[in-house]
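The values are calculated or read from the model by the stated rules, or taken from the named source; none is laboratory data. The structure presented is a predicted model; accordingly, all values stated were derived computationally and were not measured. Counting neighbours? That spans all protein chains shown, and the Cβs are built from the backbone with ideal geometry, glycine included. Surface accessibility is based on the protein's heavy atoms, side chains included, excluding ligands, DNA and RNA. Shrake-Rupley method; radii C 1.70, N 1.55, O 1.52, S 1.80 Å.
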Amino acid sequence: LKGPREEIVYVPCIYRNTGRKKPDFLATVDVNPRSPHYCQVIHRLPMPNLGDELHHSGWNACSSCFGDATKKRNRLILPSLISSRIYVVDVGTDLRAPRLFKVVNSEDIFWKCNLGYPHTSHCLGSGEIMISTLGDPAGSGRGGFILLDGETFEIKGNWEKGDQTPPMGYDFWYQPRHNVLISTEWGIPKFLGYGFDPSDLKKGRYGSRLNVWDWTTHTYIQAIDVGEDAAPLEIRFLHNPDAAEGYVGCTISSAVHRFYKTEQGTWAAEKVIQIPSKKVEGWLLPDMPGFITDILISLDDRFLYFSNWLHGDIRQYDISDTRKPKLVGQIFVGGSIAKGGPVTVCRDEELQSQPDPFFIQGKRVPGGPQMIQLSLDGKRLYVTTSLYSAWDRQFYPDLVKDGSVMLQLDVDTERGGLTVNRSFLVDFGKEPDGPCLAHEIRYPGGDCTSDIWV
């Protein structure tokens, strides 16, 4: 909370599915308003291969290693969602100009772990690195975890033990004081990998459960149903390591569930927020969900934020009463229901009229708000607009053509409220190799979605 203001951020940028035969790269973006390079990409680290689909990133060390003076946050772990490679990036030698340190080949992951499609990377207090996966090497669903050595970055094998594994995987968070890890389920890679097919709904191809693991024994112990085809994605415990509760955002069902430890010592979930679908014409389906794609909790555990990628709004909730989140901020920065577009909203339980198209510095922003990251003091919320290249191409063709953007919202941390910082725009449509798709935002010093306190 009292850390220094962010001056640079790291953003994976994707060329897969854009028609441009270029490798994905890691962008270093200057976000210091006193810098002459403010809002500019000051360094690009291209990957050595095409078609990786860089997605989320993690650290070799974080707050879970507190007290070990030998641990340094000097390697950024970059799993590739589609190629299944894992890149280890050296950010310690030159913070502003990262360099490639090691490549973990997909074949090694396939053979040693029988896993593929790696997603979330977290460091562990042991110094090891743990990466969740969506499936097996053939693209079938399987929820498992790759364990890397924190010094050599060699594959140590699977974290999970026992005969039982969940049918799907995606994100995870752990809380050692409650001896628990909880993971989520997006869907089966070979079906979702090429786009969203509504016929896959009702066929069990999208996730519906939170999966509970015993942290000590690494065994799968419980499934919590959050609804058919809910597709629970990002999961966040409260940051307080004593807390036995948190939130998960469900994409397709557009609901937020609070999960918690029961008096019996098991885990349960209750829906605390539901975004109503809108009746529409001129779209893929007659009902358009909000499509909650990213959520986060402020470091002081006071506010919950999430993005509705299709509707186009970002919301801020006061979670002082964790069972009754209170909406205190909302702003539209794009989306599919803007006036003048192909979609007509016929019935809307929330809005009186369709929102205006979002322009900033003369540019109409394509796509909708997706990945979010909050400053340590909670006063600045950064936003990018790309979800996943195959789905970007399907839902927002202009996003692929024009490139995504990074925005910054100013946050009222007293009463709640969000406003766009009109002087901030990073336009990834102006990249030297052509427009690209910018995804997750990571601070060098750690942030509220990378660090777990033990």
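3J(HN,Hα) couplings calculated from phi for region 11-21 with the Karplus curve 6.51 cos²θ - 1.76 cosθ + 1.60 (θ = phi - 60°) are, in sequence order, 9, x, 10, 10, 10, 4, 6, 9, x, 9, 7 Hz; Gly and Pro show x. Ordering 217, 283, 47 by Cα displacement along the dipole of the chain toward the positive end leaves 47 in first place; charges were set at the Cβ atoms of Lys, Arg (+1) and Asp, Glu (-1).
When a 1.4 Å probe is rolled over the protein heavy atoms, the share of accessible surface on the chain that falls to carbon and sulfur comes to 48 percent.
By the rule of a C-alpha distance below 17 Å, with chain neighbours fewer than 8 residues away ignored, the aspartates and glutamates paired with residue 278 are 287, 313, 348, 349, 350, 356. Listed by chain and number, the aspartates and glutamates placed with their C-alpha closer than 16 angstrom to that of residue 72 are 90, 94, 128, 149, 151, 447, 451; residues fewer than eight positions away on the same chain are left out. Normalised by the number of residues in region 1-100, the mean separation of alpha-carbon contacts (under 8 Å, six or more apart) gives a relative contact order of 21 percent.
Taking only the C-alpha atoms of the chain, Rg followed by Dmax gives 20.2, 60 Å. Dipole check for region 45-88: with +1 at the C-beta of Lys and Arg, -1 at the C-beta of Asp and Glu, and the Cα centre as origin, the magnitude is about 220 Debye.
Applying both filters, DSSP loop and at most 15 other Cβ atoms within 10 Å, to the GluC sites (Glu not before Pro) of region 120-186 gives 151, 154.
Close amide H partners of residue 145, meaning residues 5 or more places away or on another chain with modelled amide H under 5 Å apart, are 159, 160. For the residue pairs 363/401; 102/379; 112/190, the C-alpha atoms sit more than 24 angstrom apart in 102/379.
Accessible area per residue for region 1-142 is 40 Å², calculated with a 1.4 Å probe on protein heavy atoms, without ligands, DNA or RNA. Each part gets one Cα centre, and for region 2-75 versus region 369-432 those centres are 15 Å apart.
Annotation: peptides 381-388, 65-72, 403-410, ranked by per-residue average of other Cβ atoms within 10 Å with the highest first, follow the order 381-388, 403-410, 65-72. Dividing the summed helix terms, -39500 (n - 2.57) for each DSSP H run of n ≥ 4, by the number of residues in the chain produces a 222 nm estimate of -1500 deg cm²/dmol to the nearest 500.
When only Cα pairs below 8 angstrom with a gap of at least 6 residues are kept, the chain shows a relative contact order of 13 percent.
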